[in-house]
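Chemist: Could you have a look at this structure, given as structure tokens, before my questions?
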Amino acid sequence: MTSKVKWGVLGSGGIARRRTIPEGIMKASNAELVSVFDINDTVNSDVANQYGANAAESIEQLLSSDVDAVYIATPANMHCEQVVACAKAGKHILCEKPLGMTVKEAQGMITVCKRRKVLLGAAFMMRFLSQHQAALQLIKDGKLGKPVYARAQLSCWYPPIKGAWRQDPKEGGGGSLMDMGGHCIDLLEMFFGPVKRVSCIVRNNVHKYRSEDSAVAMLEFKNGAIGTVDTFFCIPDSSSKNLLELYGSKGSILAKGTIGQGSQGEMLAYIKGENRGYDAIQSHVADETCAIAPTPVNTYKAEIEEFSQAVLEKREPVNTARIGLQSQRVLAASYKSARTGKTIKI
């Protein structure tokens with residue numbers, strides 16, 4: 001293998017065309033786009049022509065080419081079958097979240113890839129945002145103290161659209177919780193560690209499609225912290241500020257706009273100095289306030305470069321399939337909680 005990983009893409013329309021191909025594969029220093037496939041022939045030809053790739057006429061044709069790795073950006077109900085096909089063809093795989101439709105599918109995908117000795121990664125690109133990494137380092141360094149509470153919010157306006165697979169749980173696995181809540185839960189687990197119990201409510205407040213347009217989950221982490229994730233398909237984009245809030249015994253990290261597809265938002269750390277006594281006035285004046293604004297990175301580029309480097313170095317990628325499996329476990333428990341009205345252990 002050369003110093004560049006040759007990439008194929010399954011599902012060249014959608015997020016692949018909008019973001020991952022132009023910002024990730026095409027810009028990555030260690031990646032090269034070779035072949036693309038989409039069930040929409042016109043879209044696939046357009047993408048291939050735009051980026052100088054081969055327009056494969058079938059998945060089999062793409063997998064028979066000399067690609068080293070495949071990025072899967074198809075609807076969730078296709079992930080398991082396509083991951084298995086890629087693994088059997090000896091191709092490494094970066095699969096969009098969710099990792100299949102169920103915990104069982106995710107486990108099966110991981111097993112097949114291990115057996116075939118190919119890498120499998122879960123595309124949680126928001127982990128690579130430089131501000132999120134800086135916040136994570138502050139937490140690791142103990143600056144936040146003992147983790148206490150976390151909140152992640154991601155909402156948008158997603159009206160009924162004919163053929164939209166995210167609006168049909170048979171194709172997408174769920175609605176706002178599965179699609180956007182998966183990112184939020186994953187981020188909070190990156191900061192505070194694994195979730196052990198969850199309580200959740202899902203419903204359709206505005207839109208009448210089959211997937212939920214509203215979801216709120218309350219999480220209990222193994223370290224004792226509590227978290228909430230609120231995610232909606234029925235709130236106007238301009239009204240949702242995509243907030244991230246991380247609180248600990250020594251302060252907080254508060255952000256707006258870091259959760260999403262951009263490369264930077266606003267993030268402030270409010271860190272308490274030496275431990276003082278009870279403040280009856282509760283003045284809410286932070287001892288130390290600092291903006292967290294490291295050099296921005298494009299999360300799609302960073303994700304592709306990391307996975308490509310893992311292929312070149314024959315090591316596990318940062319976005320390992322294990323986080324995709326954990327995500328499925330928490331999501332499955334959340335939906336079970338919503339159905340039963342009970343708190344569910346992971």
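Chemist: Per Stokes-Einstein, at 20 °C and 1.002 mPa s, what whole-number D in µm² s⁻¹ belongs to the chain, with the Kirkwood radius over Cα pairs as the hydrodynamic radius?
Modeler: In µm²/s, the coefficient rounds to 103.
Chemist: OK, next. As a quick test, which of the pairs Lys97/Lys196; Lys208/Lys301; Lys162/Lys256; Lys143/Lys345; Lys143/Lys196; Lys104/Lys342 have an alpha carbon distance above 28 angstrom in this structure?
Modeler: Lys208/Lys301; Lys162/Lys256; Lys143/Lys345
Chemist: Apply the Karplus parameterisation 6.51 cos²θ - 1.76 cosθ + 1.60, with θ equal to phi minus 60°, to every residue of the range 56-61 and state each ³J(HN,Hα) to the nearest whole Hz, in sequence, with x for glycine and proline.
Modeler: Computed from phi, the couplings for the range 56-61 are 5, 8, 7, 4, 4, 5 Hz.
Chemist: Let me ask something additional. Find the Cα radius of gyration of the range 1-61, compare it with 2.2 N^0.38 Å by division, and give the number to two decimals.
Modeler: With N residues counted in the range 1-61, Rg over 2.2 N^0.38 Å equals 1.03.
Chemist: Moving to a separate point now. Taking amide H positions as placed 1.01 Å from N in the peptide plane, with prolines and chain starts having none, which residues 5 or more places from Asn204, or on another chain, fall under 5 Å of its amide H?
Modeler: Excluding prolines and chain starts, which carry no amide H, the hits are Asp213.
Chemist: In terms of modelled amide H atoms, which long-range or inter-chain residues lie less than 5 Å from the amide H of Val70?
Modeler: Those qualifying (amide H under 5 Å, at least 5 residues apart or on another chain) are Gly8, His92, Ile93, Leu94.
Chemist: Here's another thing I want to ask about it. Quick query: amide H of Thr228 versus all other amide H atoms, modeled in the peptide plane; which residues come in under 5 Å with a sequence gap of 5 or more or a different chain?
Modeler: Placed amide hydrogens put Ala150, Arg151, Ala152, Leu219 under 5 Å from Thr228.
Chemist: Let me ask another. With springs connecting C-alpha atoms under 10 Å apart, model the chain as a Gaussian network and identify which of Tyr149, Tyr51, Tyr71 has the largest mean-square fluctuation.
Modeler: Looking only at Tyr149, Tyr51, Tyr71, the largest GNM fluctuation is found for Tyr51.
Chemist: Any idea how far the Cα center of the range 70-105 sits from the one of the range 113-156, in Å?
Modeler: So the separation of the two Cα centres works out to 21 Å.
Chemist: Say a paramagnetic label sat at a point 7 Å from the Cα of Lys342, along Cα to Cβ; which residues of the range 193-212 have their backbone N under 14 Å from it?
Modeler: Residues 198-200 qualify, since their backbone N sits under 14 Å from the label point.
Chemist: Sticking with this one: Ranking Tyr270, Tyr158 by Cβ neighbours within 10 Å, fewest first, what do you get?
Modeler: Going from sparsest to densest Cβ surroundings: Tyr270, Tyr158.
Chemist: Taking neighbour counts of Cβ atoms within 10 Å as a proxy for exposure, in what order, fewest first, do Thr20, Thr320, Thr343, Thr231 appear?
Modeler: By the 10 Å Cβ count, ascending: Thr343, Thr320, Thr20, Thr231.
Chemist: Bin width 10 Å, alpha-carbon pairs only: give the P(r) of the range 74-224 as whole percents, running from 0 to the bin holding the largest distance.
Modeler: Reading upward from the zero bin: 10, 32, 34, 21, 3.
Chemist: Please state the charge dipole magnitude for the range 12-86, taken about the Cα centre, from unit charges on C-beta atoms (+1 on K and R, -1 on D and E), reported in debye and rounded to the nearest 20.
Modeler: The calculated dipole for the range 12-86 is roughly 360 debye.
Chemist: At R0 = 35 Å, how high is the FRET efficiency between Asn204 and Gln264 if r is their beta carbon distance? Nearest 0.05 is fine.
Modeler: Given R0 = 35 Å and the Cβ-Cβ separation, E is 0.55.
Chemist: Next question. What Kirkwood Rh does the range 163-250 have if only Cα atoms enter the pairwise 1/r average? Answer in Å.
Modeler: 13.8 Å
Chemist: Here's something else I'd like to know. Give a residue-ordered list of calculated ³J(HN,Hα) values for the range 183-196 (Karplus: 6.51 cos²θ - 1.76 cosθ + 1.60, θ = phi - 60°; whole Hz; x for Gly, Pro).
Modeler: 5, 5, 4, 4, 4, 5, 5, 4, 7, 10, x, x, 7, 10
Chemist: Putting +1 on Lys and Arg Cβ atoms and -1 on Asp and Glu Cβ atoms, find which of Gly24, Ala76, Ser249 reaches farthest to the positive end of the dipole of the chain.
Modeler: Of the listed residues, the answer is Ser249.
Chemist: Applying a 10 Å radius around every beta-carbon, put 258-269, 55-66, 211-222, 186-197 in order of their mean neighbour count, most first.
Modeler: Order by mean packing, descending: 211-222, 186-197, 258-269, 55-66.
The numbers here are math on the coordinates, done by the rules we state, and not lab data. Here the structure is a predicted model, which means the values were calculated and not measured. Neighbour counts run over all protein chains shown; Cβ positions are idealised from the backbone, glycine included.
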